[in-house]
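The values are calculated or read from the model by the stated rules, or taken from the named source; none is laboratory data. Owing to the predicted nature of the structure, the values given are computational and were not obtained by experimental measurement. Cβ placement follows ideal geometry from the backbone for every residue including glycine, while neighbour counts extend to all protein chains displayed.
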Amino acid sequence: MIRVLQILTDSNIGGAGRLLINYLHNFDKSVFDMLVVLPKGAELIPLVEAEGYPVRQIENGRDRSFDLSAVGELKAIIREYRPDIVHCHSSFSGKLAAWLCGVHGRFYTRHCAFPQPKKLTTFPGKQISGLVNNTLSTHIVAVAQAAMDDLTVTGVDPKKITVIINGVEPMRQASEEEKQALRQSLDIREDHFVCGISARLEDYKGHTYLLQAAAKLKASHPALRYLVIGGGSMEEKLKAEAEALGISDIVRFTGFVYDVAPYYGLMDLSINCSIGTETSCLALSEGYSLGIPAVASDFGGNPYMVTDGWNGWLVPQRNPDALAEKIAMIADDPALYAKLCAGARESYEKKFTAAAMTRQMGALYRDAVGE
């Protein structure tokens, strides 16, 4: 058995947490023994336990990459569990603890991509950053080429990096009864064309550009409706913006949702407006599994995920005019929409399944321990 300690410091369920659940669902338990470390009371705990894996809760390091107090906690867990591999997700504390404990396989996944500050891409910051990352990690997984590029410009050895594109389980098909009940609760008719965005309500996700696009289309396309799925620090500000734009009657803010399947069951088009951190977007892949095409910004890893005219369309980031244009083009052309739906499903099967992603990660684990 290969013993793997997974460390994630997020208290909420973000992209890293959802990705971890997809891994856990597909790993062969006869080969991999896993323990998951999470902050006390983290939202991900019941989902990990539902997959049949034990969880250790830590008091320190909640929603922080580095916390000196967390390093001590994590060292104690590592010494008790004695893993072959420690795999950290956005936890510098975990990387440091694994190195201090002399763990042979020290993995780190880079889940995001964003422009690096000049101090980390030039001397001496690049050399220092590279030295730290190359020392603490024996293997680095980038979830998109954009994430790998972010690492190499800060001095990380490209030979340490493996790109493994995020994969997802196919989204559950919601029943007609579920969808009908949700339509009634949201006041969305079957003849409405529904655009949905599933993402944390944070500035870097670019929700404001979707709201601006919705305002531009309201008069010319009265059948369009918009689902904003998720919670976050920008929720009240975005609701106020929707009110100011006069689109509160056509935008539905759902808050955080554990089971998004019924909402995806109402969606005709998946939207991504990211202007920061995006690599390979799980929400787009989940939509593809249901045959839902996408309109997405050209930031980060989105150009790898969205191919114009096949499974959706790319638009320049921070450009509500271009976003509105593509939404209208797709909504107005049933033949084009049908083609994009077929392409979305095909792209999922070829590129974005959780099983394929997990096979690649399992192979890396085996290589790391010499199997």
Scanning region 257-280 residue by residue, the ones that are buried (at least 20 other Cβ atoms within 10 Å of the Cβ) and aliphatic (A, V, I, L, M) total 5
Considering A181, A213, A174, which residue is more than 24 Å from P262 (Cα to Cα), of a type in the set (G, A, S) and modelled with pLDDT of 95 or more? A213
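Please verify whether region 133-140 includes one or more residues that are out of contact with any Asp or Glu (no Cβ under 7 Å at 6 or more places or on another chain) and within 30 Å of Q212 (Cα to Cα). Write out each step before concluding.
Here is the first cut: in region 133-140, the ones out of contact with any Asp or Glu (no Cβ under 7 Å at 6 or more places or on another chain) are 133, 135-140.
From what's left, within 30 Å of Q212 (Cα to Cα): none.
No, there is no match, as no residue in region 133-140 is out of contact with any Asp or Glu (no Cβ under 7 Å at 6 or more places or on another chain) and within 30 Å of Q212 (Cα to Cα).
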Could we say that G41 is at pLDDT 95 or above, in contact with a strand residue (DSSP E or B) (Cβ under 9 Å, 6 or more places away or on another chain), in a loop (DSSP other than H, G, I, E, B) and crowded, with 20+ Cβ neighbours inside 10 Å here? no
Any residue in region 54-63 that is of a type in the set (A, V, I, L, M, F, W, C), farther than 17 Å from S93 by Cβ and crowded, with 21+ Cβ neighbours inside 10 Å? no
Got a number for residues in region 329-346 being part of a helix (DSSP H, G or I), under 24 Å from K216 (Cβ atoms) and among the charged types (D, E, K, R)? 1
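Mind telling me which of the residues G309, G362, G291, G343 ends up being assigned by TED's automatic domain parsing to the domain that holds H87 and over 16 Å from the mean Cα position of the chain (by Cα)? Don't jump to the end; show me each part of the working.
Working: G309 fails: assigned by TED's automatic domain parsing to the domain that holds H87; G291 fails: assigned by TED's automatic domain parsing to the domain that holds H87; G343 fails: assigned by TED's automatic domain parsing to the domain that holds H87.
Answer to the selection: G362.
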Within region 217-235, residues of a type outside the set (G, A, S) and either in a loop (DSSP other than H, G, I, E, B) or touching a Leu at 6+ places or on another chain (Cβ under 9 Å) (or both) come out as L217, K218, H221, P222, L224, R225, Y226, L227, V228, M234, E235
So the check is Cβ under 7 Å with 6+ separation or different chains; which pairs have a first residue in region 343-367 that's over 13 Å from N26 (Cβ atoms) and among the basic types (K, R) and a second one that's modelled with pLDDT of 95 or more and part of a helix (DSSP H, G or I)? R345/Y288
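For region 67-176, which fully contained helices (runs of 4 or more DSSP H) count at least 2 residues that are in contact with a Lys or Arg (Cβ under 7 Å, 6 or more places away or on another chain), surrounded by 19 or more Cβ atoms within 10 Å (Cβ to Cβ) and not assigned by TED's automatic domain parsing to the domain that holds S274? Before you say what the answer is, go through the steps one by one.
Numbers: elements: 68-81, 92-100, 118-121, 125-136, 145-152.
In region 67-176, the matching helices (runs of 4 or more DSSP H) lie at 92-100, 145-152.
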Between residues in region 80-106 that are touching a residue at least 40 places away in the same chain (Cβ under 8 Å) and residues that are among the acidic types (D, E), which pairs lie under 6 Å by C-beta distance while being six or more apart or on different chains? S93/D67; G105/D84
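Per-residue answers, yes or no, for (1) closer than 17 Å to Y209 by Cα; (2) at pLDDT below 95:
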position: E235; (1), (2): yes, no
position: Y258; (1), (2): no, yes
position: G265; (1), (2): no, no
position: L269; (1), (2): yes, no
position: S280; (1), (2): no, yes
position: S297; (1), (2): yes, no
position: D332; (1), (2): no, no
Among the polar types (S, T, N, Q), in a helix (DSSP H, G or I) and touching a strand residue (DSSP E or B) at 6+ places or on another chain (Cβ under 8 Å): which single residue out of S285, S274 fits that description? S285
